[in-house]
Each structure stands twice: as structure tokens, then as C-alpha cells.
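The values are calculated or read from the model by the stated rules, or taken from the named source; none is laboratory data. Not measured: the values here are computed from a predicted model. With ideal geometry, Cβ positions are generated from the backbone for all residues, glycine too; neighbour counts draw on all protein chains shown.
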Amino acid sequence: METFRYDDAITRKFVFATLTWAVVGMLVGILIALQLLDPAFNLGLEWTSFGRLRPLHTNAVIFAFAGNGIFAAIYYSSQRLLKTRMFSDALGAIHFWGWQLIIVSAAITLPFGFTSSKEYAELEWPIDVAITLVWVVFAINFFGTIYKRRERHIYVAIWFYIATILAIAVLHIGNSLAMPAGILKSYSIYAGTQDAFMQWWYGHNAVAFFLTTPFLGLMYYFLPKAAGRPVFSYRLSIVHFWTIVFLYIWAGPHHLHYSPTPEWASSLGMLLSIMLWMPSWGGMLNGLLTLRGAWDKVAKDPILKFYVVGVTFYGMSTFEGPLLSVKTVNALSHFTDWTIAHVHAGALGWNGMMLFGMVYWLAPRIFQVPAGCNRKLMETHFWMGTVGILLYVVAIYGAGLTQGLMWRAFDDQGSLVYQDFLETVTKLLPMYAVRVVGGTLYLGGVLLGCYNVFMVWTKRPSTYDEPVFEAPALAKDYVEPKAPPGPLDGQAVTKTGQRLAFFAGLRWHRAWEGQTLKFSAWVLVAVLLASAFEMVPLFLRKKVDTPIIAAVKPVTPLELMGRDIYQAEGCVNCHSQMIRPLRSEVERYGPYSKPGEYIYEHPFLWGSRRIGPDLSREGVSQPSALWHVQHLEDPQITSEGSLMPEYDHLLDQPAPFDGVAGHMRALAAVGVPYTDFDGAAASARAQAKLLAERLSSEGGTYYLAEPFDPEKPAEQQDPEAPKVRFEESKMVALVAYLMRLGTDVAGTSTASTGL
């Protein structure tokens, strides 16, 4: 027999971090929801605009709130399931503080405009490197714990933890490969359609392996513990696990229906997404049926209520996901708020409710306060959360359907009913108001939960007790039997019969559970093979699937600066740059997008949501420099009722002319045919001067006035004048980029003529 103690200190740290970041992430969510209701909530600050805060909200909820909750669950349950203390307390501390440092870095860099613009992977390359290192520390600690375990066969929750750690490592590294262009600037090594594929291979599977598999592990451990009942079906858990691991990784391309990516890739993604429905529901039923015969306990226990609602939302989300992958449904839902409702149903309904149920169950155990949390407050939190998320998703489902139907509406003469995109925005305001109410109610429940747990913490003992446990060490010379010993049902059988019985009885899986290296290897093989079957043809057929369009040229140095500013301001969070081959879109925006248009796009900027119109042909549909400047300075001048924030600060900030050559060199390293690096700044200034002359000819002389000089007497100048000359401002660069969009394929490119 060997003695050991569990390390609950690390679990306590992650629980505190989970609750802290829950409040932060959801407060930011409320703020940006208010911004979509009234632009005044942008607060007049450049770093609090919707475009900059939206990725902060998603990263805080996914990687800070849900991520810390995952780690709390893994550190607590793994020790109990493996009958050993974590491999290294020091590695656990490095993991905890390293992860919090990453989150703080995200909270600083994203609002200040340092972003890669890749959804759910917006953090710049130094932070990506830090994520990789911290994840390796976590993996060593976890697999080291498995190695020193005293329980031979690993339980189902551990299977899902293994899949999470291995798959996220592959996904993060594969999607984050980039060429640095500065300390906080980089460009994806992939371009256009290939970059889009890699992003949604990562994006969909970040949901799969960060917001699904670890939460299923959590469900398989904490729900039976809270219910005091065993998991409903061991066999169903095996089917659930391996189908999720083998199928989920294929499904990402369904985000790219009707896009310039090859149709075979998105169709394959759709097929595998549909196949995922049944195994996902098998997992949901395995969770809910674990409570069979215990529904009277569910009615009285708020912790079990959290779990029931959480697992139910998992079932809803995993039905809706395959539904949204069907092309005809996707044609209606894509770019609309329907997707936003779907994501929030999963993140707040499935992940959030499961985490709060877990925290309430853990609190009396990790803080050693047997009385636990206040039951009435838990009940109140449960109902606030449940009603809040229902209000949220119902309103935003309505908004999404309204958007999709209005965008595609034609009158009897065959013309678009809503020619002005703004008409489709203002119709949503009542639904956006309901979303704010629902989100605020959910946040109120979170704050109540934090208070409830805090009160338990205040009653903790002055010194935590660390009980000593005993368990026998694993026998090193133990060999798992390869076949069932002896005859079956009292009858002598052949070797073939024994083997069939071995597989039919799932004894092969029981053997794998004792051979964790083999088990982990098969998980990794499943992830890598599925990824390779899609990636290899996509990259080998690059020249076939992405025919060159001779008119398409790289953006000029000035336009490149504008594109960088476009990314920094988060414009891609509200605007798409990809027109689908659907009649309504071609009528509204112009010719549909072709693969060859994006061969120099690092990263691609197709977006996933249209709060504003598509900008693929913006330079053709709106060739006025004055219009763009006025629209950016104050959108109400050109588009009354717009929800877009003001970007007047761009008039006061100098464009980074001296840094553009370094950015061009980074892009040249990944295949963009830039050569004249020494003349880049001069070229950018020359084009900026041409744009200023054009602005003057259109009547925009106000913007060309002498900049404000604090050393001159106030009566000799306009105190509201910009702080830099227009042709030296960030505004000129962004306007140049917007006026370039779509002009190549329309035959009016500015690439060689300046403007």
C-alpha cells in the first residue's frame, strides 16, 4: 500500500479564476450588446469600440471563464480517478499563473488593436507562443499524473481529457503558424481559401475540443457524483467518445458553404456534421439517463438542475449544429445573428450551466465547509441563468431569421425589397433590447453565484486539512489478457469465437484503458488522419482550385497600412468580404467572389457576421473619398441610424509609413510578390497625396486644413482641427484600402495608377 494526499489548492485557484473571468467576460458582453443597441455605448474611446471589444468578450468567455473551469475540473477529478496527486505541484502553479498572464495579455492587446483577425485565435504571435508553452506544461503534468496512477483502467472522463489536450495542441499550432512582422504583428502563412479552411478547421474544432470534449469529461465525473448514481451506459460512453473523436475533426469546412473554397470540402464537412448528430445525442442521453430514478432528487437539488439544463442545451446545440451545416439552411443563417444565438446557447447554456453546477458541488469540498452554498441563492441563480439565456437566444434567433429573410426578400418585379442594408439593421433593435435584458439577468445570476461561493470561502478553516489516502501501487509486470479466458456459456469455443466475443463484449476497449500510451496514440491518429484527408488535397490542388486572375495584384504600401488598420479596428467583426453566389447577394453587392481574388490575402478577411454590409466591392460601389472620410468620422453624416462607432481618432493619428517596408518583407516571405521595400514609404506618401487631392476635388477641403498646433495662439487656428495632416494620418490609409476593394476584378484597380 502507498499513501498520498490530493492537491486541492490548485483546484481552488482555478475556481476563483473561473468566477472572476466569468464576471469580466460577461460584463464586456453586456457592454457590446448595448453598443449594438446604441453607438453611444462605445463611450467615445477608440479602444472600447465594438470591433475591438468583441474578440475580448469571446476570448474571455471561452479561454478565461470556460478554460479555467476546465482546468479546475481536470485537476480535481483526475487525482481522484487516478488515485494519485498531480505529477508536479510546481508545474500546476506554472500552468495556473501562466494561463492568467495569457488572459491578461489578451485583455490588454485586443482593445489596443493588436489582433491577427482570426476568429477565436485573434491573439498575436508572442501570446500564441506563450499558449503553446503553457499547454505543454499542462500536458506534461497531466500525462505524468496518468503515468504514476494507482488505478489501472482509466475512466471515461479521462478519455475526454486526453482528447482535449492532444487535439487542442494540434489545432493551435496548425492554425497559428504566422510570419512575424513586428513584436505584436504577424501575417498568417496561409493565404485566401487555404487560410479560410485552416481557420475553420481550427474554429469549429476549438468548439469541439475546448468547449465540448472537456465538458463531456466533466459531465461524466461530476454529474454521477452529484446524483450518487453510476453512469447509465459504459458501452454508450465508448461509442460516444470514439465517434466524437473520429468525426468532429472533419466538420469545420461546413462554415465555408457558398464560399470560394472548393465545394467538395464544404460538402464533406456537411456530411460529417450530420453524422455527428446521433453520437452527440447518445452522450446527452447517457448523461440524462444517469439520473433515471432520481428525478425527485433533481427537483430538490439545484446543483442537479444546473446539470440537467446544461446537458439539455448540449443536446439542443448538437442538433442545431448539424442543421446549420445543411447548405440550404446555411444559405439563410450564415452571416446572421442566428449563428450568434447558436454559439451563446452552447457557451452559456451548456458550458456555463455545467460549470456553475460543478463549482457549487466543489465549494464545500475544496473549502472544507460541509454546509456548502446557500440553497436558496443557488435556486435563484439557477432561475436567473435559465430565464436569462432563454430570453437571450429566443430574441437573437428572431433577429437572425429576420435578417436572413429580409436580405433575400424580392418584390413582384424581381427587385430587392430592402435595397438599403440599414433597413435590415434598424428592424432588429427591439430584439437587441431583449438580448440586453436576458444577458443582464444571466450576469446577475453569475454575480449572485460569486457571492454565494465567496460566503462559503469566508467560513473555511484557518488551515486546510489534507487527508491521507491509501492505495496499492500498480503491478509493473501485469499483462492485460488478450482474449476472454475459458469457454463461453459453458461451451467450448474456437479461437475465432473467442475473438468475436472479445470484441462484442468491448473487452478490447477495456484493455486499451489500461494501456494509456496506446489509447492516446489512437486519439492522436484519429485527429491527424482526419485533418490530413482534408488538408492534403486542398493544398495539393491549390493551383487547380485557385486559378490566377491576372488583374488581381497585391495591395499598395498605403493600402497595406489601411488593411492593417482595418484589422486593428476590428472591422472584420461587423463586415464580410465575401459575396456568395446567391441571387440576393449578387443583386445587392455585385459579382460573387472567386478564389483568385484572395491569393494575396494574409489572413483572409471574409468575416462571419454582417452587422454592416459586405465590403468586397466597396471601392466600386462607393468611389467617393469624401463619403468614406465622412462616414468614418461620423457614420450618422452619411447613414443616419447606423450602429457603427465613430473613427474620428484616425484623423488625429499618424500612419506608420516607416514601418510598412517591414510588413511587406514579412508578406514577401509568405509568397506575396513585393520587391521594392526601400521605396515603400515614398510610394505610400505619393498615393496619400493623390488621395488628398481627390478629396479636395470632391469638396473635402475641411479635412485638408492645417493641423492643430498647440504652440500657436488659439485664435489663429481651429481647435477642432486634426492633429496631423490628412495625407499623413491613419484615415488616408484606411480610406485608400476601402477604395481599393473590388476594383481589381472590376478593371479599375489602383495598384499601378495610385488613385
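For the reader, a short list of remarks on this structure follows.
- Cβ pairs under 7 Å, 6+ apart, first in segment 88-103 and free of Cβ contacts under 8 Å to residues at least 40 places away in the same chain, second assigned to a loop (DSSP other than H, G, I, E, B) and surrounded by 21 or more Cβ atoms within 10 Å (Cβ to Cβ): none
- Pair list, Cβ < 8 Å and 6+ apart or interchain, from segment 673-693 residues that are more than 9 Å from Pro557 (Cα to Cα) to residues that are of a type in the set (Ser, Thr, Tyr) and part of a helix (DSSP H, G or I): Asp676/Ser683
- Hey, Leu216 free of Cβ contacts under 8 Å to residues at least 40 places away in the same chain and surrounded by 24 or more Cβ atoms within 10 Å (Cβ to Cβ) or not: no
- Test: residue in segment 172-183 that is surrounded by 22 or more Cβ atoms within 10 Å (Cβ to Cβ) and in a helix (DSSP H, G or I): yes
- The residues on offer are Val359, Val326, and the sole one that is aliphatic (A, V, I, L, M) and in contact with a His (Cβ under 9 Å, 6 or more places away or on another chain) is Val326.
- Segment 610-638, residues that are of a type in the set (Asp, Glu) and under 24 Å from Gly192 (Cβ atoms): Asp614, Glu618
- Test: Leu82 is more than 18 Å from Phe50 (Cβ to Cβ), over 29 Å from the mean Cα position of the chain (by Cα) and at pLDDT 95 or above: yes
- Verdict on Ala40 being out of contact with any helix residue (DSSP H, G or I) (no Cβ under 8 Å at 6 or more places or on another chain) and assigned to a helix (DSSP H, G or I): yes
Table: residues versus (1) of a type in the set (Val, Ile, Thr); (2) surrounded by fewer than 23 Cβ atoms within 10 Å (Cβ to Cβ); (3) assigned by TED's automatic domain parsing to the domain that holds Thr312.
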{"position": "Pro364", "(1), (2), (3)": "no, yes, yes"}
{"position": "Val369", "(1), (2), (3)": "yes, yes, yes"}
{"position": "Tyr392", "(1), (2), (3)": "no, no, yes"}
{"position": "Phe410", "(1), (2), (3)": "no, yes, yes"}
{"position": "Tyr418", "(1), (2), (3)": "no, yes, yes"}
{"position": "Val434", "(1), (2), (3)": "yes, yes, yes"}
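- Candidates Gly282, Gly252, Gly269, Gly293, filtered to the one that is in contact (Cβ under 8 Å) with a residue 12 or more places away in the chain and out of contact with any helix residue (DSSP H, G or I) (no Cβ under 6 Å at 6 or more places or on another chain): Gly293
- Where a residue in segment 528-545 is in the same structural domain as Tyr598 (by TED's automatic domain parsing) and its partner, wherever it lies, is at pLDDT 90 or above and assigned to a helix (DSSP H, G or I), with Cβ under 8 Å and at least six apart: none
- Residue, farthest from the chain's Cα centre (by Cα), within segment 249-301, restricted to residues that are in a loop (DSSP other than H, G, I, E, B) and among the small types (Gly, Ala, Ser): Gly293
- Looking only at segment 223-236, and only at residues there that are part of a helix (DSSP H, G or I) and either crowded, with 23+ Cβ neighbours inside 10 Å or of a type in the set (D, E, K, R) (or both), the one that is modelled with the lowest pLDDT: Arg235
- Residue within segment 50-71 that is free of Cβ contacts under 8 Å to residues at least 40 places away in the same chain and not hydrophobic (A, V, I, L, M, F, W, C) present: yes
- Selection within segment 300-333 - under 17 Å from Trp407 (Cα atoms) and touching a Leu at 6+ places or on another chain (Cβ under 8 Å): Val329, Asn330, Ala331, Leu332, Ser333
- Set Thr20, Thr11, Thr58: member being surrounded by fewer than 18 Cβ atoms within 10 Å (Cβ to Cβ) and in the same structural domain as Ser117 (by TED's automatic domain parsing): Thr20
- Each residue in segment 585-612 was checked for being surrounded by fewer than 19 Cβ atoms within 10 Å (Cβ to Cβ) and in contact with a helix residue (DSSP H, G or I) (Cβ under 6 Å, 6 or more places away or on another chain), and 1 pass.
- Hits in segment 339-362 (condition: aromatic (Phe, Trp, Tyr) and surrounded by fewer than 24 Cβ atoms within 10 Å (Cβ to Cβ)): Trp361
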